[in-house]
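Below is one structure, written out as structure tokens; the observations come after it.
The values are calculated or read from the model by the stated rules, or taken from the named source; none is laboratory data. Keep in mind that this is a model prediction, so the values were computed, not measured. Counting neighbours? That spans all protein chains shown, and the Cβs are built from the backbone with ideal geometry, glycine included.
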Amino acid sequence: MALIEATNMAKRYPALGGKRALLGRGGMGRLFRTTPPVPMALSPLSLTVEAGEALGIIGRNGSGKSTLLKLIAGVTAPSEGTLKVHGRVASLLELGAGFHPMLTGRENVYLNAGLLGMRHAQVRACFDAIVDFAELAEHIDRTVDTYSSGMFVRLAFSVAIHTDPDVFLVDEVLSVGDEAFQRKCRARILALKEAGKTILFVSHDLGTVQTLCDRVLLLEQGEVLSRGDTQATIDYYLRQIGQAQGIHRVASGDVEALFNHGRLSLFHRQREVTAPLGLKVQFFSMGSYHESTSAEWTLESPGETEFTAVGTFPRLPVRLYLTVSLVEGRLCLSAAWENTQPLDLSYVALQCFLRSAYTTWYAGTQRGAFPPIAPQDHQWSTVATVPRNTASCAVQASADGALPPLLLEISDADECARFQLDNTDYMAQARIVHLTEAIPTGAVPLPPGRRTLGTLVLDPTCDDAALRQVQRAQEAAERIESGPLMAQYRGGALALSAHEQLLTDALHLHAQLRCGALWMLGTDFTWDVTRETDDTLVITGRSARLAGSLCWEVTAATPHHLGLVLTLHNEERLSLSEYNLSLCLEAGYNAWQSAEASGVFGDAGALGTGWTHLNPTYEAGPYISATGPERPKITLHADESLGTVFPTAIRTDTAQDGRVVQLLCSSGRAGAFALEPGAHVLFSGRLWTEDPTSS
């Protein structure tokens, strides 16, 4: 059923004339002067909006978007054509219109809701919900003239959103309040859509338009421009609006980039690769976010394939320099910034928002799938934190070929900068690749000066083979080999293989610390990988739960052998109940042996849902081994200098279906390992393999 039907509807606002002209500038002359024809505010258009449909309306300022909503809301009448609107309409065109400053918030709720068509009893029934949503329970009986601007718009939005109409008209109101309240507003608009309400949504936030709307109407000087589906229309608009406003566009072959007031959009074969939020820079200072899109920008040396943009922030003493160039189909973005006075800064990030159609990510030796972004996701979520020395990552879309694989490489970055992969909330519907530089606490405030964030290269022309080549190069930098035995860094652990056969599974070789009742797994730390020499790999990890760091030193010894040293660098006094080195093996391993005991791992189904220790008794010993048919025997051995070590074998639960051999350090008394600040060797020893055919 169509709720809105417009046929050849147009709107023209008359020019001022007649007797009224005597009161303004021009006097009597305006009565006789010939005036040019008044242009159409909205050219004739025909439009049908079905019940439950969400229609986005985009276009430049003055293109007729608000005029269209005012016609549908009944604020003004068409100059030509006909318009039929069925059902009750609520318009969110101007938040707070109808509020009286001398009335209390409570009184204004009833007043404003009445203007929106609600009866007194209906307002009373949802009054508490209105106040709770606005977060103004403590202030609702104060007069509105004492409210801050944020409190005012929160109350106005809450009143409007709690009406129960058939049609919602929304005009640029999702920028109200702080960031947390904006997310709350977006979630509520989305809930209305899911409830089957008809929504007409005007916004310059193209990410929200893309997520919320079933189709998009593009207006240009009062006329409707049709460019196919939602994404095609948004792509066309982005490319045209930049040119029309004099914002710079560079192009080379199939690749083009559009810079628009601090946001950079990347296109490949006229289809946007980036999400509508594009690439931008964010500063976090003294509890506030400062986006590059809020800066005032000037262009230097604009050319066909390169330019430099300089942005000045209104509330931050920072000048941002972005140099953009296209080289052989690759987009190069170099970012530098200068603070003109001492600056309290937590971090600066170069954020690349990518289309949600990208489903798979690669970063060094890590890979994974982006989790789906669900309607209940109202916050950003971290997908992966990449080791600091990782110079590249990549994303791939589904197999339909609509989006190319995208390789992202970083150079000239500060040593504190690292990649991070995130999902946005449901409304933004984007994947994010951050290049983030965290400012050490001891360096704040930063003295005046110019600093380089780095150069980010986006390559939409690479194919799957090129991605694999880059990944292999990164893997080589994060592995160490000792004859046929190889240890590969993988997400805070070491994956072991021999003769190209993977020996470990799930958690691989990792460390665990127990502080009181709290377990800290090495796989939960944030790690950096450093190649000290061809024969030595150093892996350093930090955790929010630990004031300090863990450091692996892995050394290639004689063939089949790896030297292992695990050192804890604690910055505060720490008491450890126990700690261990755990080796999680793949399913082919079926037996274990230590100096004092031996056994089989058995069937996980018979062991229940918890982890089960298989040792009949805990006897101290220096080593534990595991064997399996046609698999190399693998042994974990502690040095004598380490002290008392307890080897143990573990069968994990049915879900993980793992086999674990472990060297455990424990005195049996909680808090027995009292570690003063400093460096403490938790483990030193070796790991080696023996071929099944060896004696």
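Just checking, which of ALA41, ALA90, ALA51 is under 30 Å from ILE247 (Cβ atoms), in contact with a strand residue (DSSP E or B) (Cβ under 9 Å, 6 or more places away or on another chain), modelled with pLDDT under 90 and surrounded by 14 or more Cβ atoms within 10 Å (Cβ to Cβ)? Only one candidate qualifies: ALA41.
Which of the residues spanning segment 367-394 are within 15 Å of ALA413 (Cβ to Cβ) and of a type in the set (A, V, I, L, M)?
Within segment 367-394, the subset within 15 Å of ALA413 (Cβ to Cβ) is 386-393.
Of everything in segment 367-394, those that are within 15 Å of ALA413 (Cβ to Cβ) and of a type in the set (A, V, I, L, M) turn out to be VAL386, ALA391.
Of the strands (runs of 3 or more DSSP E) contained entirely in segment 443-547, those carrying at least 1 residues that are β-branched (Val, Ile, Thr) fall at 449-459, 479-482, 504-515, 526-533, 536-542. Run down THR424, THR390, THR436 and say which single residue is hydroxyl-bearing (Ser, Thr, Tyr) and modelled with pLDDT of 90 or more. Of the residues listed, the single one that is hydroxyl-bearing (Ser, Thr, Tyr) and modelled with pLDDT of 90 or more is THR424. When every residue of segment 276-286 is checked against the conditions, at least one turns out to be modelled with pLDDT of 85 or more, within 24 Å of the chain's Cα centre (by Cα) and among the polar types (S, T, N, Q). Could you please let me know if ARG355 is buried (at least 20 other Cβ atoms within 10 Å of the Cβ), in the same structural domain as SER285 (by TED's automatic domain parsing), under 17 Å from the mean Cα position of the chain (by Cα) and of a type in the set (Lys, Arg)? It is true that ARG355 is buried (at least 20 other Cβ atoms within 10 Å of the Cβ), in the same structural domain as SER285 (by TED's automatic domain parsing), under 17 Å from the mean Cα position of the chain (by Cα) and of a type in the set (Lys, Arg). Would it be correct to say that PRO647 is surrounded by fewer than 20 Cβ atoms within 10 Å (Cβ to Cβ) and modelled with pLDDT of 80 or more? Taking the combined requirement at face value, the residue does not satisfy it.
If a residue has to be in contact with a Cys (Cβ under 7 Å, 6 or more places away or on another chain) and either at positive phi or at pLDDT 90 or above (or both) to count, how many in segment 325-367 make the cut?
Within segment 325-367, the first condition is being in contact with a Cys (Cβ under 7 Å, 6 or more places away or on another chain), and the residues that meet it are 325, 361-363.
Next, from what is left, pick out any that are either at positive phi or at pLDDT 90 or above (or both): 325, 361.
Residues in segment 325-367 being in contact with a Cys (Cβ under 7 Å, 6 or more places away or on another chain) and either at positive phi or at pLDDT 90 or above (or both): 2 in total.
Evaluated against (1) surrounded by 16 or more Cβ atoms within 10 Å (Cβ to Cβ); (2) free of Cβ contacts under 8 Å to residues at least 24 places away in the same chain, GLY74 falls short on exactly one condition, (1).
Counting only strands (runs of 3 or more DSSP E) that sit completely within segment 293-376, those holding 3 or more residues that are in contact (Cβ under 8 Å) with a residue 60 or more places away in the chain and touching a Leu at 6+ places or on another chain (Cβ under 6 Å) correspond to 330-339, 347-355.
Against the condition within 30 Å of ILE234 (Cα to Cα) and more than 36 Å from the chain's Cα centre (by Cα), how does GLY81 come out, does it pass? Break it down into steps so the answer makes sense when it comes.
Details: within 30 Å of ILE234 (Cα to Cα): yes; more than 36 Å from the chain's Cα centre (by Cα): yes.
The answer is yes for GLY81.
ASP377 - would you say it is in contact with a His (Cβ under 6 Å, 6 or more places away or on another chain) and of a type in the set (Asp, Glu)? Walk me through it before giving the result.
Details: in contact with a His (Cβ under 6 Å, 6 or more places away or on another chain): no; of a type in the set (Asp, Glu): yes.
No: the conditions fail for ASP377.
Condition check: small (Gly, Ala, Ser) and in contact with an Asp or Glu (Cβ under 7 Å, 6 or more places away or on another chain). Does GLY81 satisfy that? The answer is no for GLY81.
Being surrounded by fewer than 20 Cβ atoms within 10 Å (Cβ to Cβ), under 28 Å from GLU586 (Cα atoms), among the small types (Gly, Ala, Ser) and at pLDDT below 90 is the filter here; which residues of segment 650-687 pass it? Of everything in segment 650-687, those that are surrounded by fewer than 20 Cβ atoms within 10 Å (Cβ to Cβ), under 28 Å from GLU586 (Cα atoms), among the small types (Gly, Ala, Ser) and at pLDDT below 90 turn out to be ALA655, SER666. Among the residues of segment 361-378, write down those that are in contact with a Lys or Arg (Cβ under 7 Å, 6 or more places away or on another chain) and surrounded by fewer than 16 Cβ atoms within 10 Å (Cβ to Cβ). Scanning segment 361-378 gives a single hit, HIS378.
Only one of these is free of Cβ contacts under 8 Å to residues at least 60 places away in the same chain, surrounded by fewer than 20 Cβ atoms within 10 Å (Cβ to Cβ) and under 26 Å from ARG106 (Cβ atoms): LEU136, LEU155, LEU192. Name it. Show your work before the answer.
On the way: LEU136 fails: surrounded by fewer than 20 Cβ atoms within 10 Å (Cβ to Cβ); LEU155 fails: surrounded by fewer than 20 Cβ atoms within 10 Å (Cβ to Cβ).
So the residue among LEU136, LEU155, LEU192 that is free of Cβ contacts under 8 Å to residues at least 60 places away in the same chain, surrounded by fewer than 20 Cβ atoms within 10 Å (Cβ to Cβ) and under 26 Å from ARG106 (Cβ atoms) is LEU192.
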